[in-house]
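Beneath this line is the structure, given in structure tokens, with notes to follow.
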Amino acid sequence: IHGGGWTEGDKAEGIEDKVRLFTDAGYVFASINYRLTDPDVVPATPTHPVHDQDAADAVAWLLEHSDELGVDTDRVAVLGHSAGGGITAAIATDGTYLAAHGLDVDAIRCAGSIDGEGYDVTRGATHPDPNVNITYLNAFGDDPAVWAEASPVNQVRPGAGIPDFFVAARGTPMRLDLHAEFVEALRGASIPVTVVDARELDHAEVSDDIGAPGDTVVTPALMEFLGGCFNS
């Protein structure tokens with residue numbers, strides 16, 4: 001699931017190395033789009049929950065067409081970068097989105113958030129940096145109750161079928177704190193988590209390098225995580 005602050009990006013961007021990596025390893029690979037918020041209209045629209053619901057709809061479509069695609073429905077991983085990491089976290093912790101298709105979050109076996117945004121929407125919407133603040137307000141609106149409900153960190157609970165998680169963490173101290181907060185919530189609910197220290201990479205590199213020749217930071221750890229997760 002691509003990133004772009006919920007306002008930009010496309011499923012075709014930066015996937016060449018990922019296609020090669022995952023298909024060479026025997027996986028079926030899909031990259032998806034979702035409706036984007038237009039920040040140039042007032043109020044910005046569309047807003048939450050369209051991003052999360054569109055992604056869940058895409059996962060459900062892949063499962064519904066598993067026979068023709070060669071998908072093993074018992075071994076489905078959802079991975080996302082930046083805002084896509086937040087979307088991944090949302091649909092893997094809050095059963096509302098997949099429930100629209102009669103599915104539970106355990107339809108996802110493994111989940112990965114690569115330098116994700118949106119673990120705690122309230123923190124983003126009240127961030128002192130206006131550039132961060134407006135991004136969240138555009139995507140999630142101005143209702144604090146919606147912020148709380150949309151925050152994956154508030155949806156984590158034991159026994160809910162939440163999948164094993166992979167988290168690649170980097171960024172400013174506050175960004176690292178938000179990664180740590182989400183990881184702590186998962187571990188507190190006894191959900192296995194693999195955390196990769198990706199601070200040597202910038203925000204684009206941490207995703208772009210997946211599958212790229214010579215990457216030693218994210219790719220090996222991610223592939224090891226997926227192999228262990230699928231075989232657990």
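The values are calculated or read from the model by the stated rules, or taken from the named source; none is laboratory data. Predicted model, so just to flag it, every value in this text is computed and none were measured. Here the Cβ is made from the backbone with ideal geometry for all residues, glycine too, and neighbour counts use every protein chain on show. Please note that ligands, DNA and RNA were not included when accessible areas were found on the heavy atoms of the full protein model with its side chains. Shrake-Rupley method; radii C 1.70, N 1.55, O 1.52, S 1.80 Å.
The table below lists the values:
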read-out	value
Pair list, Cβ under 9 Å, 6 or more apart: segment 29-54 residue in contact (Cβ under 8 Å) with a residue 12 or more places away in the chain, other residue assigned to a strand (DSSP E or B) and among the β-branched types (Val, Ile, Thr)	Thr37/Thr45; Asp38/Thr45
Residue count, segment 186-223 (criterion: part of a helix (DSSP H, G or I), open to solvent by 40 Å² or more (accessible area, probe 1.4 Å) and touching a residue at least 24 places away in the same chain (Cβ under 8 Å))	3
Answer from Glu8, Glu13 - the residue that is under 19 Å from Gly84 (Cα atoms), open to solvent by 60 Å² or more (accessible area, probe 1.4 Å) and touching a Gly at 6+ places or on another chain (Cβ under 9 Å)	Glu13
Flag if Ala125 is of a type in the set (Gly, Ala, Ser) and over 28 Å from Asp209 (Cα atoms)	yes
Count of residues meeting criterion [closer than 23 Å to Gly3 by Cα, touching a Leu at 6+ places or on another chain (Cβ under 9 Å) and among the hydroxyl-bearing types (Ser, Thr, Tyr)] in segment 69-96	2
Verdict on Thr96 being at negative phi, among the β-branched types (Val, Ile, Thr) and loosely packed, with under 15 Cβ neighbours inside 10 Å	no
Scan of segment 170-185 for residues that are assigned to a helix (DSSP H, G or I) and over 21 Å from Pro220 (Cα atoms), ordered by number	Pro173, Met174, Arg175, Leu176, Asp177, Leu178, Ala180, Glu181, Phe182, Glu184, Ala185
Qualifying helices (runs of 4 or more DSSP H) (wholly inside segment 34-150; at least 2 residues being under 23 Å from Gly9 (Cα atoms) and of a type in the set (A, V, I, L, M))	50-64, 83-93, 121-125, 130-140
Meets criteria (out of contact with any helix residue (DSSP H, G or I) (no Cβ under 7 Å at 6 or more places or on another chain), surrounded by fewer than 19 Cβ atoms within 10 Å (Cβ to Cβ) and under 30 Å from Val217 (Cα atoms)) for Asn131	yes
Set Gly116, Gly80: member being of a type outside the set (Lys, Arg) and under 16 Å from Phe22 (Cβ atoms)	Gly80
Selection from segment 151-169 of residues that are out of contact with any Ser or Thr (no Cβ under 6 Å at 6 or more places or on another chain), part of a loop (DSSP other than H, G, I, E, B) and either surrounded by fewer than 17 Cβ atoms within 10 Å (Cβ to Cβ) or of a type in the set (Phe, Trp, Tyr) (or both)	Arg157, Gly159, Ala160, Gly161
